[in-house]
Amino acid sequence: MYDLVLKGKFLTGGKLIEGSIRVSDGKILRVSTGELKGEETIQIGRGKVILPGLIDVHVHLRDFDQRKKETVETGTMAAVHGGITTVFDMPNTQPPVLDVKTFERRKALFEGTAYADYALSFLIRNNCRDAVKAGADFYKIFMGASTGGVFSEDFEGDYSCAPGIVSVHAENAEIIAQNPERPPEAEIRAIKRALNAAEKLGKPLNICHVSTADGIWAILQRNLPWVSFEVTPHHLFLTRKDFEGNPLLKVYPPLRDEEHRRALWRNFSRIPLIASDHAPHTPEDKESGAAGIPGLETEVALLLDAVNRGMLELSDIVEKMHTNPVKIFGIMNKGLEVGKDADFTVVDLKREWTVKPEDFYTKAKWSPWEGRKLKGKVVMTLLRGRIVMEEDEILGKPQGVRINAGKGSA
Ligand SMILES: NC(=O)N[C@@H](CC(=O)O)C(=O)O
Ligand SMILES: [Zn+2]
Ligand SMILES: [Zn+2]
């Protein structure tokens, strides 16, 4: 029984308390405001805070035929480097995860190569029998084409087939066809269609990378308890002006005008999930117009920097990147509770550093925030009681395992 005690300040129930967490065999054994004994004690120093392991529900790890863009290894090293202990892998791979055989191949690929824990997905597009057979942790539907070009001809049919929660790329295919620059209307039209289907079907739906004022208002107004949504750091911190200055910032849905970014912040408290949509491409692919921005190694630090600027609280990060992902996606083995996996993200709120993509583990060694000075950094990541990253070093072998969302053999 490997037994460890983490001592220091930790955030639980939105409150910062001083105490210790006893970990045994990778699980949380006790949480106490007093002293706890263990074979090994890690004292988390002053100025640092222990957060429950942060979860990113929207990550493209590529691999398969796109190992040049990213592999499961490099992408999950980037994850633990950025303070993410569980990643949700997206299925628009080459080949895409559209059948049971490819799902099984992807499942096998992750074993022994992932540095973070992971959730596996299945891409639904007129393939209901395989979708039901695969036993994925979550499902993906594209209403309009994005990277990889696969999208639904019958969104409602695909959504009604899904055996579990669906994450949906909500951009309207017809509008995209007429307006390749994908105006806000493409997202807004698709979100309203998705909400109508969700109202009718009453099945869990998670709307990816919401980027527009009317899009977020439509979701909040409809207020369906089984509908959640994500917002990305690039839509929170960047606008179309940044894209006009740097074509690398091409992303779907596109960076929007300032009024949309402001609308996201005005409704920040009601955003359930922050997810990176980490979408790595090679420099050549970006040159030839590939859409997507890497985000795993900057997302938490950007939010910590914003905490220091008074734009949000530390507890918001825990809520939108730990508590809500666990609740919304039904992750049975995660949570800052006794008996759950001992995953932790240790942050130093006062650490000032400059974003240097050459120090990244992702293969996509560029960032919109290159050269930016940030105040706040992830300094240690623990996965099931073991330190897997400390001060930018990845420690140990890949030991990530599949989450237990009540599916698969996990
Ligand atoms: N967001 C992007 O611009 N690209 C993503 C696909 C997606 O999330 O739509 C990718 O896989 O490259
Ligand atoms: Zn998308
Ligand atoms: Zn994506």
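If I stretch the segment between Glu156 and Asp257 completely, what's the gain in nm (0.36 nm per residue apart, minus their alpha carbon distance), one decimal?
33.3 nm
Please report the spacing between the Cα centers of the range 23-66 and the range 146-188 in Å, no decimals.
Cα centroid to Cα centroid, the span is 36 Å.
Any idea how far apart Arg46 and Gln399 come out in nm if each label point goes 7 Å out from Cα toward Cβ?
Going from the Arg46 label point to the Gln399 one covers 3.2 nm.
Given only helices, namely DSSP H runs of n ≥ 4 each adding -39500 (n - 2.57), what is the per-residue ellipticity at 222 nm of the chain, to the nearest 500 deg cm²/dmol?
-7500 deg cm²/dmol
I need Ser276, Ser288, Ser32 ordered by Cβ neighbour count within 10 Å, fewest first.
Ser288, Ser32, Ser276
What is the packing order of peptides 34-45, 331-342, taking the mean over residues of other C-beta atoms within 10 Å and listing the highest first?
Highest to lowest by the protection proxy: 331-342, 34-45.
Using θ = phi - 60° and the Karplus curve 6.51 cos²θ - 1.76 cosθ + 1.60, what whole-Hz ³J(HN,Hα) does each residue of the range 122-133 get, with Gly and Pro shown as x?
9, 8, 8, 7, 6, 9, 4, 4, 5, 4, 5, 6
Take the alpha carbon gyration tensor of the range 259-410, find the square roots of its eigenvalues, order them as a ≥ b ≥ c, and report rounded if a/c is under 1.5; if not, report prolate when a/b exceeds b/c, else oblate.
rounded
Please label the shape of the range 54-329 as rounded, prolate or oblate, based on the square roots a ≥ b ≥ c of the eigenvalues of the alpha-carbon gyration tensor (a/c under 1.5 means rounded; beyond that, a/b larger than b/c means prolate, else oblate).
It is rounded, given that a/c, with a ≥ b ≥ c, falls under 1.5.
Relative to the present Cα-Cα distance, how much length would full extension add between Lys15 and Glu284 at 0.36 nm per residue of separation?
92.2 nm
Coordinate-derived values only; no laboratory data. Since this is a predicted model, take the numbers as computed values, not measurements. A quick note on method: Cβ atoms are made from the backbone with ideal geometry, for glycine too, and the neighbour counts reach across all protein chains shown.
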